[in-house]
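Working notes, structure below.
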Amino acid sequence: MDSNANPGKNFIEIMGQRRSFPRLEEPAPDKELLDNIFLSSLRVPDHMHLRPWRFLIIGGDDRNHLGDLFVKDCLQKDPNAGEETCESARKKALRAPLIVVGIAHYTDHPKVPEIEQALATGCVLNNIGLAIYSCGYGSVWRTGPYAVSSSVCEGLGLNSNEEILGFLYIGTPMKADRPLKAIKKDDFFKYWPAKV
């Protein structure tokens, strides 16, 4: 397909093909590509231009430090956790060559509730995932108990007005695409007012 003929159609096709890749390996996108993706991803709806977000990029050996935080959380929840359980927690930080931690940075504003600020931050994270996919790489957005863990949040330097909205794991998919399950648009979109 000639994307120059109708770039909008090309973008819509990419959105329709996007999927999560739970198994990722090296390589991740290089820094130049990532910088372009990160900059472009910031073009999202942002009421009052609060920029209610920040992102931590974790790669290489720094993933081991994140794994240490996962183990710390594991031991806080169960001081008797065995070595196997702790090692399983540690390895979760190594499931991809690169991780982007999406953090909502809330500002008290009379016109912009926290939910709106969280949605804006989520839009940036989603844009990153879409761009990663369009460039031939894969990602998966994870939350789980580590996103709300006090030890993980403290270890990553979150302030009291901040919240982890997700860990975006990024890399090269380890397996070929499986066919996507069909989605019926009409199950989710209705024109209003409904006919009586």
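Computed from the coordinates by the stated procedures, all read-outs in this text should not be read as laboratory data. Because the structure is a prediction, the values reported are computed rather than measured. Please note: Cβ atoms are built from the backbone with ideal geometry, for glycine as well, and neighbour counts cover all protein chains shown.
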Folded to 0 to 90 degrees: helix 114-134 orientation relative to the chain principal axis, Cα: 80 degrees
Within the chain, helix-based [θ] at 222 nm, where runs of 4 or more DSSP H residues each add -39,500 (n - 2.57), nearest 500: -12000 deg cm²/dmol
Separation in nanometres of the label points that stand 7 Å from Cα toward Cβ, at Ala81 and Glu154: 1.5 nm
Separation of alpha-carbon centers, the range 119-147 and the range 54-103, rounded to whole Å: 18 Å
